[in-house]
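The values are calculated or read from the model by the stated rules, or taken from the named source; none is laboratory data. Remember, predicted model here, so these are calculated numbers, not experimental data. Because the Cβ atoms are built from the backbone with ideal geometry, glycine has one as well, and the counts that use them run over all protein chains shown. For the accessible areas, the whole protein counts, side chains as well, though only heavy atoms, and no ligand, DNA or RNA atoms are used. Shrake-Rupley method; radii C 1.70, N 1.55, O 1.52, S 1.80 Å.
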Amino acid sequence: MTVTLPSVYSPQEVERKWYKYWEENGFFHTEPDEREPFCIVMPPPNVTGQLHMGHALDNTMQDILTRYKRMQGFNTLWLPGTDHAGIATQAKVEEELRKEGLTKDDLGREKFLERVWAWKENYGNRITEQLRTLGASCDWKRERFTLDEGCSEAVKEVFLRLYEKGLIYRDYYITNWCPHCKTTISDIEVEHLEREGKLYYINYPLEDGSGYLTVATTRPETMLGDTAVAVHPEDERYRELIGKNVILPLVNRPIPVIADEYVDKEFGTGAVKITPAHDPNDFEVGLRHKLPQVVVLDDNAVMNENAGKYRGLDRYEARKKIVEDLKDLGLLVKEEEITHSVGHCYRCDTVIEPRLSKQWFVKMKPLAEPAIEAALTGKVKFVPERFTKIYLNWLYNIRDWCISRQLWWGHRIPVWYCDECGEVIPSREEVKSCPKCQSTKVHQDPDVLDTWFSSALWPFSTLGWPQNTEELKYYYPTSVLVTGRDIIFFWVARMLFMGLEFMKEVPFKEVLIHGLVLDAQGRKMSKSLGNGVDPVEVIASHGADSLRFMLVTGNTPGNDLRFHFERLDGARNFANKLWNASRFVLMNLEGFTPQGIKQEELTLADRWILARLNAVIDRVTAFLDEYELGEAARELYEFIWDEFCDWYVELTKPRLYGKMPGGDTAREVLYAVLKTTLELLHPFMPFITEEIWQRLPHEGKTIMLAPWPKGRADYENPEAVKQMSSLMEVIREIRRLRAEVNVPPAKRGEVILVTADEQLTRLLNENAWAIAALAQSEPRVVPKMEVPQGALTGVAAGVTIYLPLKDLIDLEKEKERLNKELKKVLAEIERLNQKLNNPGFLAKAPAEVVNKEREKLTGFYREKEVLEQRIGMLSHEL
Ligand SMILES: [Zn+2]
Ligand SMILES: [Zn+2]
């Protein structure tokens, strides 16, 4: 039995209802069994986050693949979760405290962390609720959090095993320090932006009083930490000075002149100050020459006790003051305006301060090698392939990974220190006393691990590692990772080397990379531009199905896509089109029980639509297997909109209304095609398809678990496709001719179809009713005929078409109308000619504008020709 549909589709109501039904019935949940597994781990969004367009795209793609594979009969697990997002979350809670006039230090570590957990309980499920409104069919019963007990155990275990293997070490190092976030951030979290700045030339007096050595720097405040001046060993200008001392101005400390290949002879004066504690290159030079490392800035980027009289000044105030003092001493040679690249914190936009501090590192070379090999040997494949190169380049040039962060919110580093003997004690358990000297004066490292350390373990920690669970054995390695191209380094590469190290297998066989969602003008969506589109609002106004369809149709793997509201409206119109056609079908299926299609009763249109359905099943399936989700969606769009709604449904009407025999067969075919099409469309538009499918005769509780459609050999019918396409061409041409002279749509008249081909003649005669129904024209098929008087002529599919106008339109009126048109066109031609002959315009207007006007003129000339022809034709026949 069927149930009719309401006249208007309201996605909001429908979407809520079905999501609840799916989740409550456990359709998303799965357990290991004897079927073949298909598993995706969701890139965990920040627990502080709100759904943005990037998430909407990313998760729509994952949901499409998940629903597709589930219908294909795979044991399909899409594993969701959230990321504790160290800096972001801690900053949110600190901001909240600030409003209460408190800092985290007022609360202390333990109380502060309680506050963060409380915050997480309150707001942490916002994003997972939003993912539900998008239709995400992930297994919420398996939802994980990077800071939950299991993930924390995995993190500790990985840290200690790497430590025991000698792959984790602690050292002084130059790291990127964000004075605002007050933590070290990794190289890839630094955004390099072009900024205006100054290059200061400063004279450093030679110790022997014989002159000066001039150095150039953009950060004069760091000179207080200089421990050498370096020149190139082959630089003739300075050969004599190597080994001598200069006096560091303002500090009056002698520092050596050294020779190092790193120096660029062409830059500035060819002599550079070396500040090992505040510059990554200088740090390396310092190590080579065993130079002291003098730190002059504190955690807030304020000058410290090593800065003498500048102590307590902010870095920029200190810069000003130092430049003034150098001027007074006559040591400032000149200032040069320059544009240079300056590192900024990607979270807060503060200028990064390279700074020396003791940090924990992961030694990358040994871990990177298997990750490189996995890509080279195809154990992991990137889609599109071009991203393999980007991934490999990063791994070839990889530096050790600084994993400690000076935060409280995160996985605390599982290392204790003995205050008495200095012993370093890595441990799985809480350490109460020193194993070496038995002192109870021990303390745990205050730092936490980089958030990406825990997300790097996500594909196996979420499946139960370090325990060897059923899930881990069954679902690992996972099938495909879907993610944005912006986190290939942050995340994808790290999951790969961690997975290879601890599971001895890649974490996923394929990586499907997508681009960013840009605004309509192709700009990145950002808070500061105010050009972001909120997916939650779009879902409220247009429905999740429309948003999903819009995101996926504009999209080819790896490329950015632009968000156009017109395209969103287009997706909604598509949903409405499907709804209206389905409504029509359902009304006509009242009292219908499917009996199966009887081949011998099928008409040409039936055989055609079934053959086309077969082709669509094959193509959609093939596109989905190649991750061409946009192509699959386009295929469905065209089939549903054009072939099914505009042609097939229209062609069934005479039969359904009893004007022609075969109504029951039409119902069988309508039912079969609609139901199958809904199943094909379900992964893209899960809600509307469920809503309609449930009202059609069906088996099972949900379209979600309906078997994925398969083509049927007995539906193959190239002959029917060929014939139908000829018939459609003829009908289209008749419609075009009628439209050309403004025949009122309901006005019926004769059309003469001329063909000597016997097959075509039979086809046209047998389907004369279709031509009458779809082109309001009674066809007369003849083998030969001269052009009749007063008829439009067209050709389609080898058939010559004459459309006599006498009975269709008022010829006088039409002529009048055409003459009016012609007058307008002539006026435009006149105007444009004048403009284009005006030397003033030609001189001033940009070439682009001139070309556009020329194009317009050509267009008008073409129109003029057509109008004159048409008028001539009408006049001739009177
Ligand atoms: Zn920052
Ligand atoms: Zn000790």
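Of the DSSP H helices in the chain, those with a Cα length along their own long axis of 24 Å or more and a mean Kyte-Doolittle hydropathy reaching -1.0 comprise 53-71, 565-588, 604-625, 663-681, 718-740, 847-877. Once the chain from Thr350 to Lys436 is taken as fully extended at 0.36 nm per residue, the excess over their C-alpha distance is 26.6 nm. If you plug the beta carbon distance of Leu516 and Arg311 into 1/(1 + (r/R0)^6) with R0 = 60 Å, you get a FRET efficiency near 0.85. Here the label points at Glu196 and Glu537, each 7 Å from Cα along the C-beta direction, are separated by 3.4 nm in the simple model. Counting Lys and Arg as +1 and Asp and Glu as -1 over every other residue whose Cβ lies under 12 Å from the Cβ of Asp314, the net charge comes to +1.
Note the full-extension length gain between Arg239 and Glu284 as 0.36 nm times their separation in residues minus their Cα-Cα distance, in nm to one decimal. Don't jump to the answer; show the numbers that get you there.
Values: separation 45, 0.36 × 45 = 16.20 nm, distance 2.21 nm.
So the chain would gain 14.0 nm between Arg239 and Glu284.
Using θ = phi - 60° in the Karplus curve 6.51 cos²θ - 1.76 cosθ + 1.60, the 3J(HN,Hα) couplings for the stretch 788-803 round to x, 5, x, 10, 7, 10, x, 9, 8, 6, x, 9, 8, 10, 10, 10 Hz; x is entered for Gly and Pro.
Length gained on full extension, Glu373 to Arg386, computed as 0.36 nm times the residue gap minus the Cα-Cα distance: 3.0 nm.
Based on C-alpha pairs under 8 angstrom that are at least 6 apart in sequence, the chain has a relative contact order of 13 percent.
Heavy atoms only, 1.4 Å probe, whole protein assembly: order Asp714, Asp106, Asp519 by accessible area, highest first.
Result, largest first: Asp106, Asp714, Asp519.
Projecting the Cα atoms of His564, Thr677, Leu811 onto the dipole axis of the chain, where Lys and Arg carry +1 and Asp and Glu carry -1 at the beta carbon, places Leu811 farthest toward the positive end. Under the criterion of Cα pairs below 8 Å and six or more residues apart, the relative contact order for the stretch 382-519 equals 24 percent. About its Cα centre, the stretch 11-73 has a charge dipole of approximately 180 debye under the convention of +1 per Lys or Arg Cβ and -1 per Asp or Glu Cβ, with nothing else charged. Within the chain, antiparallel bridges make up roughly 70 percent of the DSSP beta bridges whose residues both belong there. At an R0 of 56 angstrom, the distance between the Cβ atoms of Glu816 and Lys141 translates into a FRET efficiency of 0.15. Would you kindly calculate the translational diffusion coefficient of the chain, applying Stokes-Einstein with the Kirkwood radius from alpha carbon pairs, for 37 °C and a viscosity of 0.692 mPa s, and quote it in µm² s⁻¹ without decimals? The Stokes-Einstein estimate is 98 µm²/s.
Between Asp625 and Asn573, what FRET efficiency comes out of the Förster formula 1/(1 + (r/R0)^6) with R0 = 22 Å and r the beta carbon distance, rounded to 0.05? For Asn573 and Asp625, the calculated efficiency is 0.15. Spin-label model, Glu266 to Glu95: label points 7 Å out along the Cα-to-beta-carbon direction sit 4.5 nm apart. The modelled label-to-label distance for the pair Glu335/Gln834, using points 7 Å beyond Cα in the direction of Cβ, is 5.9 nm.
Report the net charge of residues surrounding Lys17, where surrounding means a beta-carbon distance below 15 angstrom and charges are Lys +1, Arg +1, Asp -1, Glu -1.
Result for the local shell: -2.
When both the stretch 155-217 and the stretch 455-503 are represented by their alpha-carbon centers, they are found 31 Å apart. Rolling a 1.4 Å probe across all protein chains gives Lys17 an accessible area of roughly 100 Å². Trp769 exposes around 60 Å² of accessible area when a 1.4 Å probe is run over every protein chain in place. Listed peptides 136-143, 812-819, 454-461 appear in the order 454-461, 136-143, 812-819 once ranked by packing, highest mean of other Cβ atoms within 10 Å at the front. Under the definition of Cα pairs under 8 Å and six or more residues apart, what whole-number percent is the relative contact order of the stretch 758-859? It comes to 12 percent, rounded to a whole number. Each Lys or Arg adds one and each Asp or Glu takes one away; over the other residues whose Cβ falls under 12 Å from the Cβ of Lys120, this sums to -1.
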